[in-house]
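Novice: There's a structure below that I have some questions on.
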Amino acid sequence: MRAPEHVEIGVATHTGRVRGANEDDYLVFAPQTAEECRQLGWWFAVADGMGGAAAGADASRTAVRAAVRAGLDGSDTEPDQRMADCFTAAVGAVFELSREEPRLRSTGTTLTIANLIDHRLFLGHVGDTRCLLLRNGDLGQLSTDHVVQGDGNQLTRCVGAGQREVEVDITEHRVREGDCLALVSDGLWGCVSPADLAELLSNNPPQAAATAAVRMANASGGRDNITAVIVRIHGVEPGAFREVELPRDEERDLPQIHRPATGLTVRRWPWVALLACGAVLLLAGIAKAFLGFDPVAWLVARLR
C-alpha cells in the first residue's frame, strides 16, 4: 500500500498454540494525500472476536470494517464524534449479522481503534484489546480493560452479544516524534511481559517488533489468538509517500512452535489399549476353539 513516510507500521497475527482458528482481526488505513493526512489521518484497529471459531472471526471482521468505513465517511465531523460514529456503525453491523444467522446470535468482539491526525491521537475502545504507548523507553497503557478479574477474565463490555449499543471509551492524546504505539489482543499482552514488550519495541523496527512479539507469545504458551499492530511516529508532517508491503497472512515461520495434543486426543489412549486387549483375547479364544491351541497357556509355559 502507499503510505506517508512519517509513520512506520508493522503487523503480525497468529492463531496461537491452542485455538483451532484465529478470531482476531486488524485493519490499517494509510492516508493517500497530504490533505487526507490532515482530514482523515491514519486508522488502526484491532478486534478479538468471541463466540467460537467462525462466529468470533465474523464478529471481529465485521466490526473493524464497519467502524473504519464509518470513520472514513465522516471527514466533515469532529474526530471525537467521528470515533463515536465508528462504534455505532460497528455495533449496528454486528447486531444485524447476529439477526441474519442464528449461529451468530451471541457472538461479539472487543474493538480498539486509533485515529492518528498530526500530533493528535483519538482512541476508541471497548473490551480488553489494548492500546499501549512507548515513550522514552517507558511503556504505558492508554486504554482501560473492561473485565472482571477472576478465573479467566470476563468482559464487562463488548461490541455485539445481542446488544444494540455499548458504552465506549473515547479519549484524546498527544503524540511526539519517537513515540511507538502498540495495539494488541489479550493473546499477546497475556503472554508477553510489559518489560519484554518494551524492549522489543525499543530495539526493533515495527515489523520486526510485531513478528518477534507474536513469536514470544507463542513461545510462552500461545494460549489464545495473538495480534499486534505496531506504529512508530517519526514526525507529524507527512513528507514523501512510499510503497509499504505488510504481511497479508498470519506468521508461519515458527519452527519452534507446535500444536500440542488436544484433550480429546490425550484421553483416547485408554480406549485404544482396551480395544487392543479385547482383540488379543478374542483371537486367543478362536485359536483354542477351532485349532486346539491355547496361546495363553503356551505363553505362560514359555515365561516359566
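The values are calculated or read from the model by the stated rules, or taken from the named source; none is laboratory data. Computed from a predicted structure; not experimentally measured. Here the Cβ is made from the backbone with ideal geometry for all residues, glycine too, and neighbour counts use every protein chain on show.
Novice: When both residues are 6+ apart or on different chains and their Cβ atoms are under 6 Å apart, which pairs have a first residue that lies in segment 212-226 and is in the same structural domain as GLY20 (by TED's automatic domain parsing), and a second that is among the acidic types (Asp, Glu)?
Specialist: VAL214/GLU251; ASN225/GLU23; ASN225/ASP24
Novice: Follow-up. Among the candidates GLY56, GLY137, single out the residue that is in contact (Cβ under 8 Å) with a residue 60 or more places away in the chain, more than 25 Å from GLU36 (Cα to Cα) and in the same structural domain as VAL229 (by TED's automatic domain parsing).
Specialist: Working: GLY56 fails: in contact (Cβ under 8 Å) with a residue 60 or more places away in the chain.
When all the criteria are applied, what remains is GLY137.
Novice: Across segment 83-130, what is the total count of residues that are more than 19 Å from LEU27 (Cα to Cα) and over 18 Å from the mean Cα position of the chain (by Cα)? Steps first, answer last, please.
Specialist: We begin by selecting, within segment 83-130, every residue more than 19 Å from LEU27 (Cα to Cα); these are 95-107, 118-120.
Cutting the leftovers down to over 18 Å from the mean Cα position of the chain (by Cα) gives us 95-106, 118-120.
Qualifying residue count for the region: 15.
Novice: Further, regarding this structure: Return yes when ILE233 is in the same structural domain as ASP186 (by TED's automatic domain parsing), surrounded by 18 or more Cβ atoms within 10 Å (Cβ to Cβ), within 16 Å of the chain's Cα centre (by Cα) and at pLDDT 95 or above and no when it is not. Full working, then the answer.
Specialist: Working: in the same structural domain as ASP186 (by TED's automatic domain parsing): yes; surrounded by 18 or more Cβ atoms within 10 Å (Cβ to Cβ): yes; within 16 Å of the chain's Cα centre (by Cα): no; at pLDDT 95 or above: yes.
For ILE233, the condition - in the same structural domain as ASP186 (by TED's automatic domain parsing), surrounded by 18 or more Cβ atoms within 10 Å (Cβ to Cβ), within 16 Å of the chain's Cα centre (by Cα) and at pLDDT 95 or above - is not met.
Novice: Output the number of residues of segment 151-187 satisfying the condition of being more than 21 Å from the chain's Cα centre (by Cα), among the small types (Gly, Ala, Ser) and under 30 Å from PRO102 (Cα atoms).
Specialist: Number of matching residues: 1.
Novice: Separate question: Within segment 199-220, take every residue that is more than 19 Å from the chain's Cα centre (by Cα) and outside any loop (DSSP other than H, G, I, E, B) and give me the one that is nearest to GLU78 (Cα to Cα). Lay out the reasoning, then the answer.
Specialist: Quick first cut of segment 199-220, residues more than 19 Å from the chain's Cα centre (by Cα) only: 199, 202-205.
After this cut, where a residue has to be outside any loop (DSSP other than H, G, I, E, B) as well, the list is 199, 202-203.
Details: GLU199: 36, SER202: 33, ASN203: 36 Å.
Only one residue tops the list, namely SER202.
Novice: Is there a residue in segment 14-26 that is under 21 Å from VAL175 (Cβ atoms), in contact (Cβ under 8 Å) with a residue 40 or more places away in the chain, in the same structural domain as GLN163 (by TED's automatic domain parsing) and surrounded by 15 or more Cβ atoms within 10 Å (Cβ to Cβ)?
Specialist: Of segment 14-26, the ones under 21 Å from VAL175 (Cβ atoms) are 26.
With the extra rule that they be in contact (Cβ under 8 Å) with a residue 40 or more places away in the chain, the set shrinks to 26.
After this cut, where a residue has to be in the same structural domain as GLN163 (by TED's automatic domain parsing) as well, the list is 26.
Still in the list and also surrounded by 15 or more Cβ atoms within 10 Å (Cβ to Cβ): 26.
The answer is yes; a qualifying residue exists.
Novice: Right, here's the next one. For the list (1) modelled with pLDDT of 75 or more; (2) within 22 Å of TRP43 (Cα to Cα); (3) part of a loop (DSSP other than H, G, I, E, B), I need the number of the one condition that ARG223 fails.
Specialist: (2)
Novice: Next up: So ASP138 passes all but one of these: (1) within 22 Å of ALA210 (Cα to Cα); (2) buried (at least 21 other Cβ atoms within 10 Å of the Cβ); (3) in contact with a helix residue (DSSP H, G or I) (Cβ under 9 Å, 6 or more places away or on another chain). Which condition number does it fail?
Specialist: (2)
Novice: Residues that are among the aliphatic types (A, V, I, L, M) and touching a helix residue (DSSP H, G or I) at 6+ places or on another chain (Cβ under 8 Å): which strands (runs of 3 or more DSSP E) entirely in segment 1-51 hold 2 or more of them? Give the derivation first.
Specialist: Working: elements: 2-4, 7-14, 24-29, 42-50.
In segment 1-51, the matching strands (runs of 3 or more DSSP E) lie at 7-14, 42-50.
Novice: Something else about it: ARG103 - would you say it is in a helix (DSSP H, G or I), out of contact with any helix residue (DSSP H, G or I) (no Cβ under 7 Å at 6 or more places or on another chain) and among the charged types (D, E, K, R)?
Specialist: Numbers: in a helix (DSSP H, G or I): yes; out of contact with any helix residue (DSSP H, G or I) (no Cβ under 7 Å at 6 or more places or on another chain): no; among the charged types (D, E, K, R): yes.
So ARG103 does not fit the description; no.
Novice: Applying the selection to segment 181-197, what residues are in a helix (DSSP H, G or I) and either at positive phi or aliphatic (A, V, I, L, M) (or both)?
Specialist: If we filter segment 181-197 for residues that are in a helix (DSSP H, G or I), which is where we start, we get 186-189, 194-197.
Matches in segment 181-197: LEU188, ALA195, LEU197.
Novice: Going by what's in this entry, would LEU246 be described as part of a loop (DSSP other than H, G, I, E, B), of a type in the set (A, V, I, L, M, F, W, C) and under 30 Å from ARG38 (Cα atoms)?
Specialist: Yes; evaluated as a whole, the condition is true for this residue.
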